[in-house]
Amino acid sequence: MQANVIGIKEGVIGVEVIDPRGNSHLIELAVDNEDADDFHGQDTYPHSSGERDNEEERLMNQVFARARFEAHTQTEYDILRSGWDPTKLRRGIDALERISDDEFDDLFYEYYMALHDPTRLKDEYDIGPDTAEVEGDPRIALVIKSFCITDQNEIVSDLPLFVFYSSEQADKNYTAGPDPDCPSSTTEIPSMLPPFKDAPEDFIYPEDFRGLMINNLICQIRDIYRNMGERPPKQYDIDGFGKPHGNFDR
């Protein structure tokens, strides 16, 4: 997929995207006004989402994601959240690789234990059959642990565990837990993993868990490229759990 910034005027970035079928799309991103709607112009596919088939809808979403990525990387506007910026996730990998085992244990042991036994989180965050927003028995679908890094890729703080849960009767996921932000001078790096089902008997903490978190960040980078219809760079095109499917985007 090809993309080019074709102009910036009055807080609107214009991006032309050529999709894999050779069709042109004009995307106008209103970057200075959060209340303004973005514009997606094209003359090939149905304009209403309800009239497009699944493949057409997927392609339209990829085109829009590709336009945002082009605007983010080729202009001065910082319009992607850190969890959708491959460069920032790469810095998170560097931060995880450089800290000592003791520092890693202080920051992430609670995360490790929560993935082993998510019932603790259900108790702590009051996710029960009578209190959850879903019908039936709620289950933990995903646990996010974010940490904050400096411009030098040093971890200076972390955020509380943030949970997505659902049930067999629910068609989407719900959230629980505090949702603070990193300090403005730092960058938030989210690790997102589902609870462990059957951890290998030879799984060693903290070495293997650090490797699992790094693998997750690599696979998140992989999925950012796939989300915009691009083949990931070879070093990120690996197997593993990255961006989950569903309404998990904070």
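The values are calculated or read from the model by the stated rules, or taken from the named source; none is laboratory data. Small disclaimer: the values here were computed from a predicted structure and weren't measured. Virtual Cβ from ideal backbone geometry, glycine too; neighbours counted across all protein chains shown. Keep in mind that these areas ignore ligands, DNA and RNA; they rest on the heavy atoms of the full protein, side chains included. Shrake-Rupley method; radii C 1.70, N 1.55, O 1.52, S 1.80 Å.
Results, tabulated for the structure shown:
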item: Student exercise, the chain dipole from Lys, Arg, Asp, Glu Cβ charges, in Debye to nearest 20; result: 780
item: Given charges at Cβ of Lys, Arg, Asp, Glu: the chain dipole, positive-most of I189, Y45, A65; result: Y45
item: For D237, net neighbour charge (Lys/Arg +1, Asp/Glu -1) across residues whose Cβ lies under 12 Å away; result: +1
item: Dipole of region 68-197, positive end: most advanced residue of T175, Y125, L159 [Cβ charges, Cα centre]; result: T175
item: Peptides 141-150, 224-233, 51-60 ordered by average Cβ neighbours within 10 Å, highest first; result: 141-150, 224-233, 51-60
item: Cα-based shape type of region 1-156, given that a ≥ b ≥ c are square roots of the gyration tensor eigenvalues and the cut on a/c is 1.5; result: oblate
item: Probe 1.4 Å, accessible area per residue of the chain, Å²; result: 55
item: Loop-located GluC sites (Glu not before Pro) in region 110-188 whose Cβ has at most 12 other Cβ within 10 Å (DSSP); result: E135, E168
item: Cysteines in the chain lacking a second Cys C-beta under 4.7 Å; result: C219
item: With all protein chains modelled, accessible area of T131 [1.4 Å, Å²]; result: 70
item: Qualifying lysines (Cα of each under 27 Å from Cα of K145; at least 8 residues distant if same chain); result: K88, K122, K172, K197, K234, K243
item: The chain - mean residue ellipticity at 222 nm from DSSP helices (-39,500 (n - 2.57) per run, n ≥ 4, rounded to 500); result: -10000 deg cm²/dmol
item: Centroid-to-centroid separation of region 126-203 and region 31-108 [C-alpha atoms, Å]; result: 19
item: FRET efficiency, D106 to E207 (Cβ-Cβ, R0 22 Å, nearest 0.05); result: 0.90
item: Estimated vicinal HN-Hα couplings, Hz - region 81-89 in sequence order (Karplus 6.51, -1.76, 1.60; Gly, Pro = x); result: 5, 4, x, 10, 10, x, 5, 6, 5
item: Backbone HN-Hα couplings from phi across region 63-69 [Karplus 6.51/-1.76/1.60, Hz, Gly and Pro as x]; result: 4, 5, 5, 5, 5, 4, 5
